[in-house]
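The values are calculated or read from the model by the stated rules, or taken from the named source; none is laboratory data. All values derive from a computational prediction rather than experimental measurement. Using ideal geometry, Cβ is built from the backbone for each residue, glycine included, and neighbour counts are taken over all protein chains shown. The protein model used for the area step is the full one, side chains on, heavy atoms only, and it has no ligands, DNA or RNA in it. Shrake-Rupley method; radii C 1.70, N 1.55, O 1.52, S 1.80 Å.
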Amino acid sequence: MEILIMAGQLILGLSILVGLHEWGHMAAAKLFGMRVEKYFIGFPPKIFSFQKGETEYGIGAIPLGGFVKISGMIDESMDTEAMSQEPQPWEFRSKPAWQRLIVMLGGIIVNVIVGIIIFIAIAYHEGKQFLSINEVNRYGIVAGELAQEIGLKTGDKIIRVNGKPFTDFSDVISSDVFLGSNSSYTVDRNGQEVQIEIPNNFIEKLSDPDEKRNFIRALEPFKIGELIPGMPAEKAGLAVGDEITAINGTPIHFFHELQAQLEKLKGKEVALVVQRGGAQQSLKAAISEDGTLGFYPESLLNFTVVQYTFGEAVAVGTENAFGVVYNNIKGFGKIFRGEVSASKALSGPIGIARMFGGVWDWGRFWQLTGLLSMVLAFMNALPIPALDGGHAVILSYEIISGRKPSDKFLENAQKVGMVLLLGLMAFAIFNDVWKAVF
């Protein structure tokens, strides 16, 4: 079921973004009087379609893409027979270069606008909820396995990132840390300052979402926030608001301590001591085979909540949207400098689906859809033949030089671009499978 939910979120998110991207091309083309023959979400074989005016609208069986066919344009269809005919006034190739350039940039522009709108809506609707570093440093951090590799320890209190004080605990795992160079943490360890250097290629090890999630966490006192029906916690008599203080005689202060004990004792019956309404109670519980009791914890740390006005949300959302592009540029910089291998940094459809997760969370769905919209715009803007950016470079050359490249050159450029893109897609999918299996 988790796999189906991951796939469903990926297909829905990409269908929205690809549909809007291709609509951007189509809208610009129709605005300038070009004939749009087809508008499809998904690739062939065709599931269904209908004709409206001069355009066939349809859905393809392969959901990871889409296309618009504009008369007189050399595209992935490679319709060389039509291109050999005399140009018609409604064709792409008959229009001025500046109009053709706007058509090619239409999809990118729409994706940028959609990404910004999504991030603005999230900022306005949800505001910002975060743990302040002062709140986290009441107890310190839980250092996961990778955090311990670079020298962090559970109980450390992070006081500076890259030599600078900070407020939001999420800054500890921000792009400035992992996509920058020579990053570091300064921690308070039992009253002494310790400098922790972060290797420039460390982001490779955080490519797995679970590794990143467990890298550094706050030491969290907790109580039971919600019981899962039919699970051991409910059967044992635990109630919302209970605080588990011991398991089989081992004291429990923080949630990671409970997790560690449950992992050791999975499949066994245990004795729990809980604090309920100022009094202690003893309960028996049978831990599941996967090491869980079956409840959602509620943190007892105090989160800071900031609500934005609409004007503030516009500024924050726009900054967050373009931050995605900036992070992609920094990520490519690390690859080109040899600090990170492409196989670790790049993800295909499987990797993206894992980011959505196995639970349908609309907040996370729209956050990732907004991110993917900006990534799609960035990737399509790359100056690679067959991508919008490649077409834009050729059209810009035509506008500046006044010379139009031959149809033969455009056909060959399209072929080279398609080979590159198919090779990149095959690499990304193989890489996803390799990382998932090994």
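For segment 207-229, what are the residues that are small (Gly, Ala, Ser) and modelled with pLDDT under 90? Across segment 207-229, the qualifying residue is only Ser207. I'm checking my understanding of the structure. Among residues of segment 158-170 that are in a strand (DSSP E or B) and surrounded by 17 or more Cβ atoms within 10 Å (Cβ to Cβ), which one is farthest from the chain's Cα centre (by Cα)? Result: Ile158.
Condition check ((1) surrounded by 14 or more Cβ atoms within 10 Å (Cβ to Cβ); (2) at pLDDT below 95) across all residues:
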site	(1), (2)
Gly249	no, yes
Phe254	yes, no
Gly277	no, yes
Ser282	no, yes
Phe295	yes, yes
Val306	no, yes
Gly311	no, no
Val316	yes, no
Ala321	yes, no
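Within segment 146-157, the set of residues being open to solvent by less than 70 Å² (accessible area, probe 1.4 Å), within 20 Å of Gln192 (Cβ to Cβ) and assigned to a helix (DSSP H, G or I) comprises just one member, Ala147.
Of the residues making up segment 250-273, those that are among the β-branched types (Val, Ile, Thr) and more than 14 Å from Gly291 (Cβ to Cβ) are Thr250, Ile252, Val273.
Taking segment 383-438 as the region of interest, how many residues are outside any helix (DSSP H, G or I), under 28 Å from Gly351 (Cα atoms) and not hydrophobic (A, V, I, L, M, F, W, C)? Break it down into steps so the answer makes sense when it comes.
Start the filter on segment 383-438 by keeping residues that are outside any helix (DSSP H, G or I), which leaves 383-387, 402-406, 438.
Subsequent filtering for residues that are under 28 Å from Gly351 (Cα atoms) retains 383-387, 438.
Now drop any that are not not hydrophobic (A, V, I, L, M, F, W, C), which leaves 383, 385.
The total comes to 2.
Would you check if Phe310 is under 29 Å from Gly237 (Cβ atoms) and in contact (Cβ under 8 Å) with a residue 60 or more places away in the chain? So Phe310 does not fit the description; no.
Scanning segment 171-189 for residues that are touching a strand residue (DSSP E or B) at 6+ places or on another chain (Cβ under 7 Å) and in a strand (DSSP E or B) returns Ser184, Tyr185, Thr186, Val187, Asp188. Of the residues making up segment 210-226, those that are open to solvent by 40 Å² or more (accessible area, probe 1.4 Å) and either touching a strand residue (DSSP E or B) at 6+ places or on another chain (Cβ under 6 Å) or assigned to a helix (DSSP H, G or I) (or both) are Asp210, Glu211, Lys212, Arg213, Arg217, Glu220, Lys223, Glu226. Criterion first (modelled with pLDDT of 95 or more and either under 30 Å from Asn214 (Cβ atoms) or touching a His at 6+ places or on another chain (Cβ under 9 Å) (or both)) does Glu135 satisfy it? Answer is yes for this residue. Scan segment 401-429 for residues that are within 30 Å of Arg354 (Cβ to Cβ) and in contact (Cβ under 8 Å) with a residue 12 or more places away in the chain and the total you get is 8. Screening the candidates Leu10, Leu101, Leu4, Leu17 for the property of being open to solvent by 30 Å² or more (accessible area, probe 1.4 Å), within 33 Å of the chain's Cα centre (by Cα) and either in contact (Cβ under 8 Å) with a residue 12 or more places away in the chain or on the phi > 0 side of the Ramachandran plot (or both) yields one hit, Leu101.
Entry remark, segment 308-340: residues being among the small types (Gly, Ala, Ser), farther than 15 Å from Met374 by Cβ and in a helix (DSSP H, G or I) number 4 in total. Taken as a whole, the condition of being in contact with a strand residue (DSSP E or B) (Cβ under 8 Å, 6 or more places away or on another chain), open to solvent by 70 Å² or more (accessible area, probe 1.4 Å), charged (D, E, K, R) and in a strand (DSSP E or B) applies to Glu193.
Failed condition for Trp23, given (1) touching a residue at least 40 places away in the same chain (Cβ under 8 Å); (2) over 30 Å from Trp98 (Cβ atoms); (3) open to solvent by 40 Å² or more (accessible area, probe 1.4 Å), with all others met? So Trp23 meets the others, but not (2). For Ile173, the conditions (1) open to solvent by less than 30 Å² (accessible area, probe 1.4 Å); (2) out of contact with any Asp or Glu (no Cβ under 8 Å at 6 or more places or on another chain) are fulfilled apart from (1).
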